[in-house]
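Below: one structure, written as C-alpha cells.
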There are 4 protein chains.
Amino acid sequence: MSDTKEEWIEELLRGDEEGRKMTEKQSRIVQAAIEVFAEKGYAASSTNEIAQRAGVAEGTIFRHYKTKKELLLGIVAPAMTKLITPFVLRGFNNVLDSEYDSYDQVLRAMIENRIEFLRKNRNVLKILMQEIPFHPEMQERFQREVLGVVLERLKRIVAKFQTNGHMAELPSATVVRLSISAIMGYIAVRTFYGEREDAVWDDEREREDTIAFVMRGLGLTR
Amino acid sequence: MSDTKEEWIEELLRGDEEGRKMTEKQSRIVQAAIEVFAEKGYAASSTNEIAQRAGVAEGTIFRHYKTKKELLLGIVAPAMTKLITPFVLRGFNNVLDSEYDSYDQVLRAMIENRIEFLRKNRNVLKILMQEIPFHPEMQERFQREVLGVVLERLKRIVAKFQTNGHMAELPSATVVRLSISAIMGYIAVRTFYGEREDAVWDDEREREDTIAFVMRGLGLTR
Amino acid sequence: MSDTKEEWIEELLRGDEEGRKMTEKQSRIVQAAIEVFAEKGYAASSTNEIAQRAGVAEGTIFRHYKTKKELLLGIVAPAMTKLITPFVLRGFNNVLDSEYDSYDQVLRAMIENRIEFLRKNRNVLKILMQEIPFHPEMQERFQREVLGVVLERLKRIVAKFQTNGHMAELPSATVVRLSISAIMGYIAVRTFYGEREDAVWDDEREREDTIAFVMRGLGLTR
Amino acid sequence: MSDTKEEWIEELLRGDEEGRKMTEKQSRIVQAAIEVFAEKGYAASSTNEIAQRAGVAEGTIFRHYKTKKELLLGIVAPAMTKLITPFVLRGFNNVLDSEYDSYDQVLRAMIENRIEFLRKNRNVLKILMQEIPFHPEMQERFQREVLGVVLERLKRIVAKFQTNGHMAELPSATVVRLSISAIMGYIAVRTFYGEREDAVWDDEREREDTIAFVMRGLGLTR
DNA sequence: GATGAATGAGGCTTCATTCAT
DNA sequence: TATGAATGAAGCCTCATTCAT
C-alpha cells in the first residue's frame with residue numbers, strides 16, 4: 001500500500017458511523033479501496049486488487065462489507081460528513097463564524113480550510129466527485145446533507161454582511177455562487193499546477209488576486 | 001435509442017478524423033455508445049447493451065472498432081476537436097474575435113456559446129469529464145489540443161483589452177481563470193437548476209449579475 | 001456424457017416451448033444438466049461440471065439460460081408437459097380411453113404406460129421429485145398442470161365404471177387414490193429390485209397380483 | 001427458532017448414539033439444522049444460517065461436528081433408529097405384535113403409529129427422504145437397518161395371518177407391499193390435504209375405506 | 001459488411017472450515 | 001468450551017472479443 005494515507009481514516013478507525021470499532025484488517029481494506037477506486041474508478045476496480053493491496057484474502061472484504069457497493073458507500077458516506085464539519089461547528093476553531101470583520105477574511109478562511117481538506121482527502125474527494133453522477137442515493141444524500149447545509153450556512157454569513165450595508169443589490173445565493181466559483185477555480189488551477197514542476201505559479205499572489213477580485217466584484221472594500 | 005441526438009454526430013457522419021465515411025450502422029453504434037457511456041460510465045457499460053440499443057449485432061461493433069476503448073476514443077477525440085472550434089475559427093461567426101469593443105461582450109458571447117455547446121453535446125461532455133482522469137492519453141491530448149489552444153487564445157484576447165488600458169495589474173492568465181471560473185460556476189448552477197422544476201432561477205438576471213461581477217472584479221466598466 | 005439419453009430431449013431438439021430451435025450445443029448442455037442434477041441434486045451441482053460434461057465453455061450455458069435456475073426449469077417444465085400427455089390425448093393410442101371394457105384393462109394400461117415413461121425419463125423424473133419441494137413455482141405448476149389434469153381425467157374414467165354399476169360405495173377420488181397407490185407401490189418396488197441383481201422378483205406375477213388386488217379391493221371382477 | 005420442536009430430539013438430549021450427553025448449545029444447533037435442512041435442503045443450507053438460528057457462533061458447530069455432513073448424519077442416523085422402534089419393541093405398547101386377532105387391526109395400528117410418527121418428526125423425515133438418494137452410506141444403512149428390519153417383521157406378522165388360513169395365494173412380501181402402498185397413499189394424500197384449508201377430506205371415512213380396500217383386496221373379512 | 005454463437009478470463013460473492021483468543 | 005475473524009476454494013455469472021457462416 002502506498003503512503004497516501006487519508007487523514008479521515010483515523011476517525012474511522014476509532015469507530016464508524018454505527019459506532020462499531022474497525023479492526024486493523026478492515027482499515028487496511030478501506031485504505032486500499034480508496035487507493036484503487038481513486039486510481040481506476042469504482043466500476044473498473046476489482047475486489048481482487050483491493051484485497052491484494054490490503055494484504056487480505058478477497059473473502060475478508062465481504063465479511064466487513066456485504067457488497068462492493070457497500071464498501072464504496074462505507075468510504076463515501078463518512079467523507080460527506082467530514083466535508084461539512086467546518087460549516088456546522090460553532091465557536092472556537094470555527095472557520096466561518098461571526099467573528100470576521102470583513103468578507104475577505106471569510107474568503108481567506110474558506111480557501112485555507114478547503115485547501116487543507118483537499119490535501120488530506122484528495123483521493124476520497126476524487127471518488128466522491130467521480131461516482132456521484134452514477135449513484136442516485138449518493139446524489140440525494142449529497143444534496144441533502146452537504147449542499148443544503150453548506151449553502152444555508154454560507155447564505156446566512158453573506159446575509160450578515162449584507163445587512164451591514166454591503167453587497168446590497170445581489171441575492172445572497174448569487175453572492176455565494178460567485179464566491180465559491182472564484183475559490184474553486186483558484187483551487188483547481190492551483191492543484192493542477194501543483195502537480196507539474198514546470199509551472200510558474202505564484203500561489204500567494206494568485207490567492208490575494210482572487211480574493212481582491214471577489215471583493216471588488218461584490219462592491220466591497222477591505 | 002432516445003432522441004438526444006448529439007449534434008456533432010452529424011459531422012462524424014460525413015467522415016471521421018481519418019476522412020472515412022461512416023455507415024448508418026456505425027453511426028447508430030456511436031449514438032448508442034454515447035447514451036450508454038453517459039448513463040453508466042465507460043467501465044460499467046457493456047458492449048452488449050450498446051449493440052442492443054443500436055439495434056446491431058454485438059460483433060458489428062468490433063467490425064468498426066477493434067476494442068471497446070477504441071470506441072470510446074472514437075467518440076471523445078472528435079468531441080475535443082469540436083470543443084475548440086469556436087476558439088480557432090476566425091472571421092464570421094467567430095465568438096471571441098477582436099471585434100468586441102468591451103470585455104463584457106466577450107463574456108456574454110462565451111456564455112452563450114458554451115451554453116449552446118453544452119445543450120447540444122451534454123452527453124459527450126459528460127463522458128469526456130468522467131473519463132479524462134482515467135486515460136492518460138486523453139488527458140495529454142486534452143491539455144495539448146484543448147486547454148492549450150483555448151487558454152492561449154483567451155489570453156491573447158485579454159491581453160488586447162489590457163493594452164487598451166484595462167485590468168492592468170493582473171496577469172492575463174489570472175484574468176482568464178477568474179473569468180472562466182465565474183462563467184463555469186454560472187453555467188453549472190444554471191444546469192443544475194434547469195433540471196429541477198421547483199427552482200427559482202431568474203436566468204437573465206443571474207447572467208447579467210455574473211458578467212457585472214466579473215467586470216467589476218477586473219476593475220472594468222461597461 | 002454417458003449414454004443415458006433421455007427420450008423427451010428429442011422433442012426439445014425440435015424446438016422448445018417458445019418454439020425456438022435448439023442448437024446442438026444447447027442440447028448437450030441440457031443432457032449434461034439432467035445427468036448432473038439427477039446425480040447430485042440441483043443445489044449440489046455446479047455449472048462448471050455441467051459445462052465440462054457437455055463439452056462447452058461455462059459461459060455458453062449462460063448464453064442459453066440466464067441463470068442456473070432457469071436451466072433447471074428449462075428441463076423440468078417440458079417434462080411436466082410430457083408427463084400428462086397420455087392423459088390428455090384422445091382417440092388412437094390413448095391409454096386411458098373409453099374403449100376399455102373392464103377396469104383391470106385401465107390399470108394394466110396405466111402400469112405399462114408409466115413404466116415406459118419411467119424407463120425413458122428416469123433422470124428427469126428424479127429431478128422433478130427432488131426439486132419440487134424447494135421451488136414454489138414448480139409446486140404450483142405441478143399441481144395445476146399435472147395433478148389437476150391427471151386426477152380429473154382419472155376420476156372421469158372411474159366415474160364411468162361406477163355408473164356401469166361397479167365400485168358404487170366409494171368416492172371416485174378415493175378409487176383413484178387407491179389405484180394409484182397400488183400401481184406406484186408396484187412400480188417403486190419393481191424399480192428398486194430392477195437395480196439389484198440378487199433379486200427374486202417375478203415381475204409378471206407381481207403385476208397381475210397387484211391388479212387383482214385392486215380389482216378385488218374395489219369389489220370388481222374381471 | 002420456531003416451535004416445531006421435533007420430539008425425538010429429547011432423546012438425543014439425553015445422550016446420542018455413542019452415549020455422550022448433549023449440551024444445550026449442541027441441541028440448539030441440531031434443532032436449527034433440522035429446520036434449515038428441511039426448509040432448503042442439505043446442499044442449499046449454510047452453516048452460517050444454522051448458527052444464526054441456533055444463536056451460536058459458526059465455529060461452535062464445528063466443535064461438535066467435524067463437518068457439515070457429519071451434522072447431517074448426526075440428525076439422520078438417530079432418526080433411522082427411531083423409525084424402526086415400534087417394529088422391534090415387543091410386549092406392552094407394541095404396535096404390531098401378535099396379539100391382534102384380525103389383520104385390519106394391524107393395518108389400523110400401523111396407520112395410527114405412522115401418522116403419529118410423521119406428526120412428531122415431519123422435518124427429519126423430509127430430510128431423510130430428500131438426502132437418502134445422494135448419500136450412499138445413508139442408503140445402505142437405511143436398507144440394512146430400517147427396510148430390512150421392518151419388512152422382515154411385517155412379513156412375519158403377515159405369515160402368521162397366512163398360516164391362520166388367509167391370503168393364501170400371495171407371497172407375504174407382496175402382501176406387505178400392497179398394504180404399505182395403500183397406507184402410504186392414504187397418509188400422503190391426507191398430509192397433502194391437511195395443509196390446505198379448502199379441502200373436503202373426511203379423514204375417518206377415508207381411513208376406513210382404505211383399510212376395507214386392503215382387506216377385500218387380500219381376500220379377507222373383518 | 002454483418003451476424004450471433006461461442007469462448008474463457010475474470011468479476012463479485014458465498015461458504016465450509018480453521019485458529020488465535 | 002465458545003467465539004468470530006479470516007481464509008481461499010469454488011460458485012454463479014458477465015463481458016469483451018473472436019470467428020465461422
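Restricting region B:119-164 to residues that are open to solvent by 60 Å² or more (accessible area, probe 1.4 Å) and of a type in the set (S, T, N, Q), the residue that is farthest from residue B:105 (Cα to Cα) is B:139.
Among the residues examined, residue C:170 qualifies as assigned to a loop (DSSP other than H, G, I, E, B) and within 19 Å of residue D:187 (Cβ to Cβ). Just one residue in the set B:38, B:44 is surrounded by fewer than 17 Cβ atoms within 10 Å (Cβ to Cβ), within 14 Å of chain A (Cβ to nearest Cβ) and not β-branched (Val, Ile, Thr); that residue is B:44.
Residues of region C:43-57 that are within 11 Å of DNA strand E (Cβ to nearest atom) and part of a loop (DSSP other than H, G, I, E, B): C:43, C:44, C:55, C:56, C:57.
Out of region D:14-46, which residues are hydroxyl-bearing (Ser, Thr, Tyr) and either away from DNA strand F (no atom under 13 Å from the Cβ) or at pLDDT below 95 (or both)? D:23, D:27, D:42, D:45 - these are the residues of region D:14-46 that are hydroxyl-bearing (Ser, Thr, Tyr) and either away from DNA strand F (no atom under 13 Å from the Cβ) or at pLDDT below 95 (or both). Restricting region C:166-186 to residues that are open to solvent by 60 Å² or more (accessible area, probe 1.4 Å) and more than 8 Å from chain D (Cβ to nearest Cβ), the residue that is modelled with the highest pLDDT is C:169. If you go through region D:133-148 and keep only what is part of a helix (DSSP H, G or I) and farther than 19 Å from residue D:181 by Cβ, you end up with D:133, D:134, D:136, D:137, D:138, D:139, D:140, D:141, D:144, D:145.
Scanning region D:58-113 for residues that are assigned to a helix (DSSP H, G or I) and either among the acidic types (Asp, Glu) or at pLDDT below 85 (or both) yields D:58, D:70, D:85, D:86, D:87, D:88, D:104, D:112.
Taking into account only those residues within region D:66-87 that are over 15 Å from residue D:135 (Cβ atoms) and buried (at least 17 other Cβ atoms within 10 Å of the Cβ), which is nearest to DNA strand F (Cβ to nearest atom)?
Top of the filtered list is D:78.
The values are calculated or read from the model by the stated rules, or taken from the named source; none is laboratory data. Model, not experiment: these values are computed from the prediction. Neighbour counts run over all protein chains shown; Cβ positions are idealised from the backbone, glycine included. The protein model used for the area step is the full one, side chains on, heavy atoms only, and it has no ligands, DNA or RNA in it. Shrake-Rupley method; radii C 1.70, N 1.55, O 1.52, S 1.80 Å.
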